[in-house]
Amino acid sequence: MTLLVLVMGVSGAGKSTVGPLIAQRLGVRFDDADSFHPPANVDKMSRGAPLDDTDRAPWLDAIGAHLAAHEGIGCVVTCSALKRAYRDRLRAAAPGLRLVFLQGDLALVAARQAARQGHFMPASLIASQFATLEPPTPDEGAVLLNVAATPDALAEAAITALRP
């Protein structure tokens, strides 16, 4: 399949674990949106400061351009895409983009985030992620998956839901 898939959710939801599994099963490239952040964004988050929409704009544009470049080839990209406006911006660049939303409750995600080692996003920002989150609405056609399941189960559920 040559799908363009965005695996979205708050930091700590499991995007970087589940995204590669989905890409592998689809036989397409995987990219983590964190690699598209300009250094200033990484520095800001490393200091514990949340990004604002101005910070996110060039990051989202870079992800959108990457997705557009893989139209017809397929790829899976992880990106928090917390606001509808962010997802709309990505879909404007890549109209066939499909969403997989990894959702979970604050306690579970915060525990996972706190256990992460070597990531620039400190656990202290998890509350701001949940505060910013605008879950996908039915018209966005997102595949909704509960992160309490295992990564393999989540990837299989995503593949099943994404198949035509």
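The values are calculated or read from the model by the stated rules, or taken from the named source; none is laboratory data. Quick caveat: nothing in here was measured; it's all calculated off a predicted structure. Backbone-built Cβ (ideal geometry, glycine too); neighbour counts: all protein chains shown. Surface accessibility is based on the protein's heavy atoms, side chains included, excluding ligands, DNA and RNA. Shrake-Rupley method; radii C 1.70, N 1.55, O 1.52, S 1.80 Å.
Overview of values
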{"quantity": "Extreme residue, nearest to Leu26 (Cα to Cα), among residues of region 40-94 that are surrounded by fewer than 20 Cβ atoms within 10 Å (Cβ to Cβ) and among the β-branched types (Val, Ile, Thr)", "calculated": "Ile73"}
{"quantity": "Filter pass, Leu99 being in a helix (DSSP H, G or I), surrounded by 14 or more Cβ atoms within 10 Å (Cβ to Cβ), touching a strand residue (DSSP E or B) at 6+ places or on another chain (Cβ under 8 Å) and touching a residue at least 24 places away in the same chain (Cβ under 8 Å)", "calculated": "no"}
{"quantity": "Close pairs from region 1-28: first on the phi > 0 side of the Ramachandran plot, partner of a type outside the set (A, V, I, L, M) and not in a loop (DSSP other than H, G, I, E, B), Cβ under 7 Å, at least 6 apart", "calculated": "Gly9/Lys15; Gly9/Phe101; Gly9/Gln103; Gly12/Arg112; Gly12/Gln113; Gly14/Pro151"}
{"quantity": "In region 4-24, the residues that are open to solvent by 30 Å² or more (accessible area, probe 1.4 Å), at pLDDT 95 or above and touching a helix residue (DSSP H, G or I) at 6+ places or on another chain (Cβ under 6 Å)", "calculated": "Leu21"}
{"quantity": "Condition check for Val42: hydrophobic (A, V, I, L, M, F, W, C), outside any helix (DSSP H, G or I), under 19 Å from Ser11 (Cα atoms) and touching a residue at least 24 places away in the same chain (Cβ under 8 Å)", "calculated": "no"}
{"quantity": "Qualifying residues in region 126-141 (those that are closer than 12 Å to Asp105 by Cα and open to solvent by 40 Å² or more (accessible area, probe 1.4 Å)) - the one nearest to the chain's Cα centre (by Cα)", "calculated": "Phe130"}
{"quantity": "Test set (1) at pLDDT below 95; (2) within 21 Å of Gly9 (Cβ to Cβ) - Leu60 fails condition number", "calculated": "(1)"}
